Each structure stands twice: as structure tokens, then as C-alpha cells.
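J.: One structure follows; several queries about it will come next.
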There are 2 protein chains.
Amino acid sequence: MSEQNYTVNTPYGLTTPSIQALVAAGRAQQPALLKVGIFVSPGFMPMDINGAQSVFTIAGAEIHLIWKHKELVEGYIGWPTMPTMTFEECPDDLDVLVVGMVPPEVIEDPAVIGFFADKGRKAKYVIGTCYGSLMLGTAGLLEGKRATSNSNVVPMLPDVGATPVSGSEVVIDGNIYTSGPATGSFDASLRVLQALRGEELAALVELAIEYDPRPPFGTGSPELAGAEMTGIAQSMTAPLNQLYHAAAKRGYAGYQALQTGR
Amino acid sequence: MSEQNYTVNTPYGLTTPSIQALVAAGRAQQPALLKVGIFVSPGFMPMDINGAQSVFTIAGAEIHLIWKHKELVEGYIGWPTMPTMTFEECPDDLDVLVVGMVPPEVIEDPAVIGFFADKGRKAKYVIGTCYGSLMLGTAGLLEGKRATSNSNVVPMLPDVGATPVSGSEVVIDGNIYTSGPATGSFDASLRVLQALRGEELAALVELAIEYDPRPPFGTGSPELAGAEMTGIAQSMTAPLNQLYHAAAKRGYAGYQALQTGR
């Protein structure tokens, strides 16, 4: 037995021949490759985009991680991620544009708001999970739309012009799909895949990822967890949520000022 | 409104002050930081480790992405990831060692098998999700243990000395936690967090990530999907699974030869 030497270098980092063969075989079955743009930023939350990255990977899509620059950003926490596409490189004909939790600083960044206001209007479908709904909101994409997010953000949604919907179901309004965190990314992405390519493929992907969750404690929503535990959780994230609320209002005001000024 | 300038450079890439404050506040509530080592490799599957990375991040842990070298590896697909710890840097006192789907080439790599045979025996808890169970298997960690994986791998588990368990529940045998893919990583990680820090914290993390999944099609296991759809899925992954089966047998034989030779 000798040391293996099996790695293949790609622009996205090292992979292996077996994975390259898997990708090629999957793509050969697709009529045209879906173009999926996933927004990342300094301090982004991996779990909120992971469902989209996984579901559309299995569906043979092109996956692009989009940020201003191709510079290493830290997924919260400990997940150094290299973006693969800049704002300038992002095409107008994305099939899906995805955003999960990004820090409050990012949701009020005019350059990022400008990116979403532009590409979010042109993409065929848009997915916002968790705090990502606020990012869509500050870019004006939720105006007059029903939308959801995590339970702390739902009450903030009117401040970006949206009609808030609570609960753990994906909320669909036109081509905008919003959800809570974590598995919300799987749920919303499977729904968008259904809209793009039909239920047969989407259900097959749900099987391929063996999406048969078993939450151990049954405490995955304020309703399930009860008032006491919910109070503890809310007090722990209160400082963060104050930052988000203020940033959402400032960011959306900036967006509105730009619209008025046009 | 002017261009924001809010990024903070860290050894793990750019983040923001709000995320740094969130991490500091979370860690201040923990008695000692859990040390979590997550194995990554060329072509690793992000969704199979994302539950661990998320759950232990929320619990204030140190998160280390471990590979041979600090060189960019592609998460399958399109997710360039920079490992943050080498095999040599990995401490003996990991609280948790995690492995998800890694390519067949990796599960028979003697250097990787040696790493798991060493650190996997020393870690307090070990999590294997999806094809990651085979990685534990070729390193001898499943000998005489009950274990699970994805439905295609379960029948291969006896070939690495394990007693196979089918179904979507996390299988716990001693300090080894195995599960299926995707949400299996959340389920197993929440269970390990419960074992390490108690149910109160683990249930609070389940609430914090609002783990209240709504699989859209109810096809997330062979039993749920039925024979016809399962047959289609199995035929699509058959070439890959043949590679895994052969690699698992070769890798485990190599491990056994080393043990006999000692």
C-alpha cells in the first residue's frame, strides 16, 4: 500500500476524479444547467445557504458563490470560504439568487443593496432564508410581498415593506421564496427546483439527500419550545437583533431615497 | 450614505464586528470551549458536516476544519473551502471528531486512515454521517459497533466490521454517533451536544436554529419514496456506490494488515 495521489486541481480548489465523474454524469441528464448564484459575505451563515448549495448541486446546477471580491470570507464560524464570482461577473439570467444570514453590516451596505436590487429583479427565482429575508427587504424586493424569516425577524418585516408571515413553512409570493434558517434552506430550494424542473426531479433530490429529519428535542420553533425557553433564546440574541432591526431600517431608507431621487 | 467599510480580517478570512461580538457573547456563557474537529477533503460534501459546524458554532465551540494541508479544497460542488488545521496540528483531546461524505479515493487513503485510527480513538465523541461512516469503518472505528449511513451504504457496513442499522434515526454505540446525510448531521450533533453539555443547552440550540423541517414531498427515505423512485435514485448512484464499496474493502484490508503487522 502506498500513499495515494488522487487529487485534481480546479479553479474551485482540489477535488477528485470520482467526484468529477459524478458531476459529469448528473449534468448529462439535465437539459441545460441551472445557474444558481449564492450570496456570501464576511461572516455569512453556512447553514442558511447549504440547503440551496446541496439541492442544486444534486440537480446538476452551476453553483456560484457571489461576493464583491474573490477574497477569503469566514463562514460563521471557522469556515473559510472563497467566493467564486464577483458582482460584476454575475449574469443577469440567474435561475436562482440565494441569500441566507449575513451580518447586519452587510444588509445596509449600499453596494450590496444595489447588487440585490439589480440582480434580484432579474433572477428567475429568489430565495431568502433567516436574516437573508432582511437583505432582500433592504433592497426593496419584499415591497408588498408576503414573506417570512426566523421568528425574531418576522416582526421587523413590515419595516422593509413586507407583509410578515410567521410559522415554519416556506412562504411563496410570486418568484420570491422565504423561509426560516437551516432546514428552511432545503425546503425553499426543493420548492424552487420543483417550480423550475418539476416535482419528479425535486422529489428525487429529496430522496437523494435522504431528507428524513429527526429533530431530537422537538423544540425547533417558539411554539414547540414554549414561552420559557423562547424567552431565554430571545434574550441571548436580543443585542444582535437590535443591530439587525436598526440596519434594516437604515438600509431600506437608503434604498427608498435612491428610488425617489431617480 | 457612503460605502461601508466594516470588514475585519482574521486567520479564517473576513468577518464583521457584529459577528465577532456574537461569538464572544456566546463563548462567555460556556465553561470551557468545546474543541470540534471537522474533517474536510478534496470533494467533501458540505451538507454532511454543516449540521455539526452550525450546532457547535451556536454552542460557542472552537471549530477546526482538518485536512492534510492548508490548501483550498472544493466542497461538492462550487464551495472552495480552506482547511484551518493539519493532521499534525490536530490535538489529542478533541471533544468531537466529525466526518461526512468524502470521496472514495479518500476513504482508502492510508494517511487519512491513519489519522482517523489515531485521533478517532482519542476524541471524546465521533460523528460519521452519510459516506463518512465508511471513513470511520476503514479506520477500524466501527469494528463490532452498530452503525448507520445512507441507505446505499448500510449494506456495505459489515465489510468494515460493523453491524448495520437501517432507517433514519441516529445510531449511537458507545461514543460513536452515525447517521444519514444532510439533516443527519444536525440530529447527530444535537445528540452529541446533549451528551457533552446536557439536554437544556442542546434543546436551546435546536430552538436557536429553528430546526422545524418541512420536507416538501415526503420522499426522504426509500421507505417513504417507494420502490420505483428508489430504483431510479439507486441506478443514478450505482457507479459511485461501486467505487465506495471497493474502496471500503481495500481501505479496511489495508488497516487490518497494519494491525496484524504490529
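The values are calculated or read from the model by the stated rules, or taken from the named source; none is laboratory data. As the structure is a computational prediction, the values presented were derived from the model and not from experiment. For neighbour counting, all protein chains shown are included, and Cβ atoms are generated from backbone atoms with ideal geometry for every residue, glycine included. Just the protein is used for accessible areas: all its heavy atoms, side chains included, with ligands, DNA and RNA removed. Shrake-Rupley method; radii C 1.70, N 1.55, O 1.52, S 1.80 Å.
J.: Going through the stretch B:231-243 one residue at a time, which ones are open to solvent by 30 Å² or more (accessible area, probe 1.4 Å) and either free of Cβ contacts under 8 Å to residues at least 40 places away in the same chain or in contact with a Phe, Trp or Tyr (Cβ under 9 Å, 6 or more places away or on another chain) (or both)?
T.: B:Gly231, B:Ile232, B:Ser235, B:Met236, B:Ala238, B:Pro239, B:Gln242
J.: For A:Gln53, which of the numbered conditions (1) open to solvent by 20 Å² or more (accessible area, probe 1.4 Å); (2) facing chain B (nearest Cβ under 7 Å) fails to hold?
T.: Checking A:Gln53 against (1) open to solvent by 20 Å² or more (accessible area, probe 1.4 Å); (2) facing chain B (nearest Cβ under 7 Å), the one that fails is (1).
J.: Without any contact (Cβ under 8 Å) to a residue 12 or more places away in the chain, facing chain B (nearest Cβ under 7 Å), touching a helix residue (DSSP H, G or I) at 6+ places or on another chain (Cβ under 8 Å) and of a type in the set (Gly, Ala, Ser), is that true of A:Ala182?
T.: Working: without any contact (Cβ under 8 Å) to a residue 12 or more places away in the chain: no; facing chain B (nearest Cβ under 7 Å): yes; touching a helix residue (DSSP H, G or I) at 6+ places or on another chain (Cβ under 8 Å): yes; of a type in the set (Gly, Ala, Ser): yes.
Spelling it out, it is not the case that A:Ala182 is without any contact (Cβ under 8 Å) to a residue 12 or more places away in the chain, facing chain B (nearest Cβ under 7 Å), touching a helix residue (DSSP H, G or I) at 6+ places or on another chain (Cβ under 8 Å) and of a type in the set (Gly, Ala, Ser).
J.: Answer yes if at least one residue in the stretch A:142-153 is free of Cβ contacts under 8 Å to residues at least 12 places away in the same chain and not in a loop (DSSP other than H, G, I, E, B), and no otherwise.
T.: No, the stretch A:142-153 contains no residue that is free of Cβ contacts under 8 Å to residues at least 12 places away in the same chain and not in a loop (DSSP other than H, G, I, E, B).
J.: Only one of B:Leu258, B:Leu201 is of a type in the set (A, V, I, L, M, F, W, C) and either crowded, with 16+ Cβ neighbours inside 10 Å or not in a helix (DSSP H, G or I) (or both); which?
T.: Of the residues listed, the single one that is of a type in the set (A, V, I, L, M, F, W, C) and either crowded, with 16+ Cβ neighbours inside 10 Å or not in a helix (DSSP H, G or I) (or both) is B:Leu201.
Matching residues to (1) over 29 Å from B:Ala247 (Cβ atoms); (2) open to solvent by less than 10 Å² (accessible area, probe 1.4 Å); (3) modelled with pLDDT of 95 or more:
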site	(1), (2), (3)
A:Ala28	no, no, no
A:Ile38	yes, yes, yes
A:Pro46	no, yes, yes
A:Ile58	no, no, yes
A:Lys68	yes, no, yes
A:Leu72	yes, no, yes
A:Gly78	no, yes, yes
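J.: Within the stretch A:1-48, which residues are at the interface with another protein chain (Cβ under 7 Å from one of its Cβ atoms), among the hydrophobic types (A, V, I, L, M, F, W, C) and under 21 Å from A:Ile127 (Cβ atoms)?
T.: Within the stretch A:1-48, just A:Met47 meets the criteria.
J.: Next question. Quick test for you: out of B:Ile127, B:Ile107, B:Ile77, pick the one residue that is over 14 Å from the mean Cα position of the chain (by Cα) and closer than 25 Å to B:Ser151 by Cα.
T.: B:Ile77
Here is a yes/no grid of residues against (1) in contact with a Phe, Trp or Tyr (Cβ under 7 Å, 6 or more places away or on another chain); (2) under 22 Å from B:Glu105 (Cβ atoms):
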position	(1), (2)
B:Val36	yes, no
B:Ala52	no, no
B:Thr57	yes, no
B:Ile63	yes, no
B:Lys68	yes, yes
B:Glu71	no, yes
B:Glu74	yes, yes
B:Ile77	no, yes
B:Pro80	yes, yes
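J.: Looking only at the stretch B:136-158, how many residues end up being closer than 14 Å to B:Gly251 by Cα and surrounded by fewer than 18 Cβ atoms within 10 Å (Cβ to Cβ)? Even if it seems obvious, please write down each step before you answer.
T.: Within the stretch B:136-158, the subset closer than 14 Å to B:Gly251 by Cα is B:136-143, B:156-158.
So of that shortlist, the ones also surrounded by fewer than 18 Cβ atoms within 10 Å (Cβ to Cβ) come out as B:143, B:158.
Residues meeting the conditions: 2.
J.: Also, I was wondering about something else. State the number of residues belonging to the stretch B:82-135 that are in contact with a Gly (Cβ under 8 Å, 6 or more places away or on another chain), surrounded by fewer than 24 Cβ atoms within 10 Å (Cβ to Cβ) and among the polar types (S, T, N, Q).
T.: Adding up the residues that qualify gives 1.
J.: Mind checking whether some residue in the stretch B:209-230 is under 22 Å from B:Gly37 (Cα atoms) and either within 11 Å of chain A (Cβ to nearest Cβ) or open to solvent by 40 Å² or more (accessible area, probe 1.4 Å) (or both)?
T.: Looking for residues that are under 22 Å from B:Gly37 (Cα atoms) and either within 11 Å of chain A (Cβ to nearest Cβ) or open to solvent by 40 Å² or more (accessible area, probe 1.4 Å) (or both), one finds at least one in the stretch B:209-230, hence yes.
J.: Scan the stretch A:181-196 and tell me whether some residue there is closer than 28 Å to B:Thr148 by Cβ and at pLDDT below 95.
T.: Yes, the stretch A:181-196 has at least one match.
J.: If you go through the stretch B:173-198, how many residues are open to solvent by 40 Å² or more (accessible area, probe 1.4 Å), under 15 Å from B:Leu97 (Cα atoms) and among the polar types (S, T, N, Q)?
T.: 1
J.: B:Ala248 - would you say it is surrounded by 24 or more Cβ atoms within 10 Å (Cβ to Cβ), part of a helix (DSSP H, G or I) and either free of Cβ contacts under 8 Å to residues at least 40 places away in the same chain or more than 10 Å from chain A (Cβ to nearest Cβ) (or both)?
T.: Taking the combined requirement at face value, the residue satisfies it.
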